[in-house]
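Step one of this worksheet: look at the structure below.
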Amino acid sequence: MMEEEEFEFAEDLEAILHLTPEVQQAIEQVFPSQDPLDRADFNAVEYINTLFPTEQSLSNIDDVVSKIRLKIRRLDDNIRTVVRGQTNVGQDGRQALEEAQVAIQQLFGKIKDIKDKAEKSEQMVKEITRDIKQLDHAKRHLTTSITTLNHLHMLAGGVDSLEAMTRKRQYGEVANLLQGVVNVLEHFYKYMGITQIRQLSERVKAAQSELGTQILADFDEAFPSQGSKAAWLDKIDRRYAWIKRQLVDYEEKYGRMFPEEWCMTERIAVEFCHISRVELAKVMRTRAREIEVKLLLFAIQRTTNFEGLLAKRFTGGTLTDKRPESPLEPTNPFLEDDPGEDVSYPELASFKLLINLTNLAFFFHLQPKKPKPADNPFHGIISKCFEPHLYVYIESQDKNLGELINRFVADFRAQGPPKAGTEEGGAVLPSCADLFVYYKKCMVQCSQLSTGEPMIALTTIFQKFLREYAWKILSGNLPKSTSNSGGLTISSLLKEKEAPEAAKFTVDELCLICSILSTAEYCLATTQQLEEKLKEKVDKLLVERINLTGEMDTFST
């Protein structure tokens, strides 16, 4: 009967105590167990089959039942102990809760007392800090008042001293004092509503204005304008000598008056250059008929020399940020810009005789080019005024080149063609080197004066006399054979080879033909170089107007 009741109770308990998977997982984590009875999916049949797998094992059923009943009793005892313990814990919990409530009430009372004391302390601190703030404000205002009074005393005394020194022209002392007075006056900008402060500020401004006017008047008196506008071009040296003396005197007497970063000496020189350019332009317009090429070149040379001197002495910071660099040594006549002295005809003879078709290519095409020197910031600052009168120079070069070509023709006729068996035989004619050296000199001179239309006019002159040289010196001196009285050409030379019965050229004539061909080759290569250098020196907008292709074709033909 008891076993049946226990089974029924177990079935009822199992039906009631159906735990969710989450609860069952939590129990397994808190009380881990390997006993099959503790598993949630416990199956009594499987458990019994495990205990009695065979019929023979049923012989010890009584022992198994006794063990299970003993285990059940122990579980009952544990449950009763836990239930009784929970009853005592509940009573202890109620007592602890009552004690906690009493403690909380006491704590609330103490917190209230602390809050009341804190409010009283805060009020006391506010009263103390209010007094401290009042003292701080008083101290700050007192300090500001003392500082302002000191500045006011300094300002009043400084203005009086400034006016007295201005009257006595004590500029050295005024320079330091004025800066100090201006700095002190900055502290009173917010007090300009006060009449006395405003009056002091107006006195300072009046003193500054008076100083400016007075100093300018003193400089006008120290630098008299007498002699600053020189008369004619032949006395242009006096103009530049005068400004040199004035600049030296200025640096000795007044150089320390102004800060170095003002560049006063350079500014004076620049202003002189502007005045000189205007005055020279006026006087040349008035006396344009009196301008001769020698006088013009003399004035230009002296002027460009003076501009070069300015570039060495000053940085040009008042004009441009670029600084001039030292030029490099030239090699090829068309690869450097510094004009040298004229080279006479005999000095070029050995050079011209050594040039032949082999070294021409090396000299003009393989020679390394030198970097172009930096621009002179003062270039043209005065000499620009000569540009409208450069037609005199261009006309002179036209005349000189015409005379040079005529001299070449006369020299060729007087000296005769080069002879076979000599150094000159078959070599380049010396006159062509003279021509291109003269071209180079003219090109450099003109580019120093102007890179605009005068360069185009000079190019036209160059083209004219290149053609004349080709016609009068080269084509005009080709020997004529009896079989070709019309003159020598390449086709006639070919016919000469094919017709042995025709008259042959002599050795000297063949030597002359080689010299003319070598000279034409030299002129062709050098004309190409001349065109490149002209394009480098002319303004970029005018480059397209430089074209010597026709002349190169003439020499090639």
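The values are calculated or read from the model by the stated rules, or taken from the named source; none is laboratory data. Model, not experiment: these values are computed from the prediction. Note that we place each Cβ from the backbone using ideal geometry, even for glycine, and neighbour counts take in every protein chain shown. Only protein heavy atoms, including side chains, enter the accessible area calculation; ligands, DNA and RNA are left aside. Shrake-Rupley method; radii C 1.70, N 1.55, O 1.52, S 1.80 Å.
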Could you tell me which residue out of Ile128, Ala138, Leu211 lies farthest along the dipole of segment 95-251 toward its positive end? Charges go on the beta carbon: Lys and Arg +1, Asp and Glu -1, centred on the Cα centre. Leu211
Extension length gain for Gln106 and Thr557 (0.36 nm per residue less Cα distance), in nm, is 149.5 nm
For the residue pair Gln123 and Asp539, what label-to-label distance in nm results when each label sits 7 Å from Cα along the Cα-to-beta-carbon direction? 9.3 nm
Expressed in nm to one decimal, what extension gain is obtained for the pair Gln86 and Lys253 from 0.36 nm per residue of sequence separation less their Cα-Cα distance? 48.6 nm
Pair Val278, Arg245: separation of 7 Å Cα→Cβ label points (nm): 2.4 nm
Tell me, what is the 1.4 Å probe accessible area of His274, in Å² to the nearest 10? 70 Å²
Over the Cα atoms of segment 238-292, compute the convex hull volume and normalise it per residue, giving Å³. 77 Å³
Simple spin-label estimate for Lys472 and Asp220 in nanometres, 7 Å along Cα-Cβ: 6.0 nm
Let me have the relative contact order for segment 120-225, percent, based on Cα pairs under 8 Å that are six or more residues apart. 24 percent
Listed residues Tyr189, Tyr254 arranged by accessible area, highest first, probe 1.4 Å: Tyr189, Tyr254
Magnitude of the Cβ-charge dipole of segment 203-310, K/R +1 and D/E -1, about the Cα centre, nearest 20 debye? 480 debye
Of the listed links Lys282/Lys537; Lys244/Lys282; Lys235/Lys399; Lys235/Lys294; Lys133/Lys190; Lys441/Lys537, those spanning more than 21 angstrom between alpha carbons are Lys282/Lys537; Lys244/Lys282; Lys235/Lys399; Lys133/Lys190
Picking from Asn43, Ser33, Gly93, whose Cα lies most toward the positive end of the charge dipole for segment 29-113 (charges on Cβ: Lys, Arg +1; Asp, Glu -1)? Gly93
Could you rank Val507, Val174, Val437 by how accessible they are, 1.4 Å probe, largest area first? Val507, Val437, Val174
